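Participant: I am attaching a structure below and will ask some questions about it afterwards.
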Amino acid sequence: MKRLLPALLWLAGSCGPGLALERYTIVGDAIPAPLGGLAGNAARGEAVVRDRERGNCLICHQGADASEPFQGTIGPSLAGVGARLSPGQIRLRMVDGAVLNPDTVMPPYFRVEGLRDVAPAYRGKPALSAQEIEDVVAYLATLERP
Amino acid sequence: MLRLAVLLLLAAAPASAEIVSGSSFLSPEMRRQQEDETRNPGFFWVEQGQELFSRRPEAGGEACIGCHAAPQRSLRGAAATYPKLVSERLMNLEGRIEQCRVERQKQPAFGYESPELLALTAYIASLSRGLPMDVAIDGPARPFYEAGRAFFERRQGQLNLSCRHCHDGLVGQKLRGDTISRGASTGYPAYRLEWNSVGSLHRRLRACSLGVRATQFEAGGPEYLALELYLAGRARGLPVETPAMRR
């Protein structure tokens, strides 16, 4: 059952010198190793998830704090995601969920190639940096209670 | 009697029976406000448009009403047929008004999203309130319609979503405080609380493009005109509701 998905993704081509995205390896349905070997910080990750510009995850997802007004109903609830998925599985779903589900509505937060008509301000950059991805992974891993 | 009612319903049914107006997703209170001409702020723009329609340009020349007498009758239904091809150019109602302004009134164009053009567009569209959307999508209009459909269906922007993902796939779901509708164009120009003003359909489209971090195309430009034709074709048979109210 464990598929070995494209083992190594080279993302450097489309984003110019100095801006090459950290490479990663997909194993099964996960990216087991932290991007760029970076350590995540859960508190910063929580801020990214709530931030209406950076992560803006609650536009689509229910978060862990039920008192937050106007949360989205589009993706699965993030409460309990740390019990459902390993950090590596969360990482792949954030980096590029289309690897697992080509029709996915979940945006790719760490991908720059194969996108069309990206607004100039965002062109050639991933939606979140490697550090921000690691911060969010660290935060989501703590959300063990549904 | 029942048979007649069913026939009438069928005749009024939109081309794709599932497409419903954005008004169906309004709160009951906002719906009542929309329907009440004294409480729907959009009618302020309609009144201004009506006034502009009869006003002669300061530099001299005809008022709109000089060519279009009795607009309640002569222009009733006109808005429901736009966008349409006019000498091989795809034109929406705004474009048509600007064409009259420049070529027939010999005045400088108002400009997209200017208060004057919004008021005139809202006024003329309001003359078709309740009539079914009725755009031509075949013959020479077909390639434009297909271009609009392709735009609607392709993923775009840094968030890599298509219009269809939201407006077919996620209808009724909550995106933060908004309830996603079918993306029908039937209420525009519309009064949006977020704008605190009446705005054009293309302004709304620019907001959706920004939402997925995609290129915002020029209001009145070819990309959104083709998209407008596709949206109007999708909404065929739904009543014109301008000026609608939206969150």
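Taken together, the values in this text are just the output of simple stated rules run on the coordinates, not laboratory data. Note that the structure is predicted; figures quoted are calculated from it, not measured. Cβ: placed from backbone, ideal geometry, glycine included. Neighbour counts: every protein chain shown.
Participant: Could you list which residues have their amide H under 5 Å from that of B:V240, counting only those 5 or more apart in sequence or on another chain, with H placed in the peptide plane?
Facilitator: B:G130, B:L131, B:M133
Participant: Can you figure out the FRET efficiency of A:E113 with A:E68, using R₀ = 41 Å and their beta-carbon distance, to the nearest 0.05?
Facilitator: Working: r = 34 Å, r/R0 = 0.82.
My answer for the efficiency is 0.75.
Participant: Let's test the formula: R0 of 25 Å, r as the Cβ-Cβ distance of B:S24 and B:F44. What FRET efficiency results, to the nearest 0.05? Intermediate results must be reported in sequence, preceding the final value.
Facilitator: Numbers: r = 24 Å, r/R0 = 0.98.
Using R0 = 25 Å, I get an efficiency of 0.55.
Participant: Report the Rg/Rh value for chain B, based on alpha-carbon coordinates and the Kirkwood definition of Rh.
Facilitator: Values: Rg = 18.0 Å, Rh = 18.7 Å.
Computed over Cα atoms, the ratio is 0.96.
Participant: Rank the residues B:W195, B:W45 as a footprinting-exposure proxy: fewest other Cβ atoms within 10 Å of their Cβ go first. Don't skip to the end; give the middle numbers.
Facilitator: On the way: B:W195 13, B:W45 25.
Taking fewest neighbouring Cβ atoms as first place, the list is B:W195, B:W45.
Participant: Let me ask something additional. Treating the angle as unsigned and between 0 and 90°, give the value, to the nearest 10°, between the Cα long axis of helix B:142-153 and the longest Cα principal axis of chain B.
Facilitator: The angle comes out at about 50 degrees.
Participant: For chain A, which semi-axes, largest first and in whole Å, follow from the square roots of 5 times the eigenvalues of its Cα gyration tensor?
Facilitator: On the way: eigenvalues 111, 67, 43 Å².
Computed over chain A, the values are 24, 18, 15 Å.
Participant: If each of B:D36 and B:A63 carries a label point 7 Å out from its Cα toward its Cβ, how far apart are those two points in nm?
Facilitator: Here the modelled spin labels are 3.1 nm apart.
Participant: Tell me, what is the FRET efficiency for A:A121 and B:D138 to the nearest 0.05, using R0 = 41 angstrom and their Cβ-Cβ distance as r?
Facilitator: Working: r = 39 Å, r/R0 = 0.96.
Step by step, r from the Cβ atoms, then E = 0.55.
Participant: State the extension gain, in nm to one decimal, for the chain segment bounded by B:A109 and B:V86, taking 0.36 nm per residue of separation less the distance between their alpha-carbons. Don't skip to the answer; put the middle values down first.
Facilitator: Working: separation 23, 0.36 × 23 = 8.28 nm, distance 1.79 nm.
Additional length available on full extension: 6.5 nm.
Participant: State the antiparallel share, in %, of DSSP beta bridges confined to the protein assembly as shown, rounding to the nearest 5.
Facilitator: Values: 14 of 17 bridges.
Of those bridges, close to 80 percent are antiparallel.
Participant: Once you put a point 7 Å from the Cα of B:R164 and another 7 Å from the Cα of B:A207, both along the Cβ direction, what distance in nm separates them?
Facilitator: 2.5 nm
Participant: Taking a quarter of the surface of the Cα convex hull of the protein assembly as shown, what do you get in nm²? Kindly include the intermediate steps, with their values, before the conclusion.
Facilitator: On the way: hull surface 99.8 nm².
Taking the Cα atoms of the protein assembly as shown, their convex hull projects to 25.0 nm² on average.
Participant: A further question follows. Taking the Cα atoms only, what angle lies between the long axis of helix A:87-96 and the longest principal axis of chain A, rounded to 10 degrees?
Facilitator: 60 degrees
Participant: Considering every Cα-Cα pair within the stretch B:42-126, what fraction, in whole percent, is farther apart than 15 Å?
Facilitator: Numbers: 2048 of 3570 pairs.
When every Cα pair of the stretch B:42-126 is considered, 57 percent fall beyond 15 Å.
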